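First the structure, in the form of structure tokens, and then the observations on it.
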Amino acid sequence: MNWWAGRISNHATGATELRRGDFLKSTLENEKSVSKLTDEDRKSLLKLARTTIKAEIKADSKIQRPENITPGLKGKRGCFVTLHKNGILRGCIGTIEPVRSLVFNVEENALNSAFHDPRFPAVEMDELSVINIEISVLTVPEKLDFKDGEDLKKKLKPKIHGVILSQGWQSATFLPQVWEQLPDREDFLEHLCLKGGMGKDCWKDRETTVKVYEAEYFSESA
């Protein structure tokens, strides 16, 4: 199964925070409005992700952070960093809520996807040349009210909506890209319930909280 079925990370490690130093201090204060990304922003984020992973493996390698912190990079955005090796999922971790700058989150999630996704061993140097990096930048999740399961299915927009299902402390998300492999709404929702450790029909339960978001995603292979 080759799904963009990321893990959710809500904090950085102390070592990661310290390594970033003063570069990221200025990115944490930003305007409330969200600016669109430019082509140069996308390229710089992909380079940031790759060089962050390489620098963690190779001591003499340097992280290439964006020289120009544009409003799009500075804005608080949730994001996921996804790694594919020869077309197969190799790691995917992200942050959903927009609590920190996009450039901060990309660097953190690149590290987490490569080295802290519990589903995979840490990425090694000889893998980097065949790994493709994809970044998904999220809109703010919004609660989706529904009367019953049929109503929920009608309100979901395949290939547009990323979906979060929550029951108590259990929660799981699928990025919009997962619709490519699970195009049927019911199948999509059942797999998402199971991913979160809930019963496969949890999406029919009105006690389940459903949130949706959209994503702009781009990769090195594009």
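Ranked by the mean number of other Cβ atoms within 10 Å per residue, highest first, peptides 137-146, 184-193 order as 184-193, 137-146.
For the pair Met125 and Asp151, the difference between a 0.36 nm per residue extended length and the Cα-Cα distance amounts to 4.6 nm.
The label-point distance for Val99 and Lys58, in a model that sets each label 7 Å from Cα toward Cβ, rounds to 3.4 nm. Of the peptides 114-123, 159-168, the ranking by mean beta-carbon count within 10 Å, highest at the top, reads 159-168, 114-123.
Using the Kirkwood radius built from alpha carbon pairs, what does the Stokes-Einstein equation give as D for region 142-216 at 37 °C and 0.692 mPa s, in µm² per second?
The Stokes-Einstein estimate is 275 µm²/s.
Full-extension gain between Phe115 and Glu216, please, as 0.36 nm times their residue separation minus the C-alpha to C-alpha distance.
Fully extending the segment from Phe115 to Glu216 adds 34.0 nm.
Taking every Cα-Cα distance in region 51-100 and sorting them into 10 Å bins starting at zero, the pair-distance distribution P(r) comes out as 21, 34, 40, 5 percent.
Stretched out straight at 0.36 nm per residue, the stretch from Glu67 to Leu144 would grow longer than its current Cα-Cα span by 23.8 nm. Legend: P(r) of region 83-201 from all alpha carbon pair distances, 10 Å bins from 0, whole percents, reading 11, 38, 35, 14, 2, 0.
None of the figures in this text is laboratory data; all of them are computed from the coordinates on show. It should be emphasised that the depicted structure is a prediction, and the values quoted were computed from it without experimental measurement. Cβ sites come from the backbone with ideal geometry, for glycine too, and all protein chains shown count toward neighbours.
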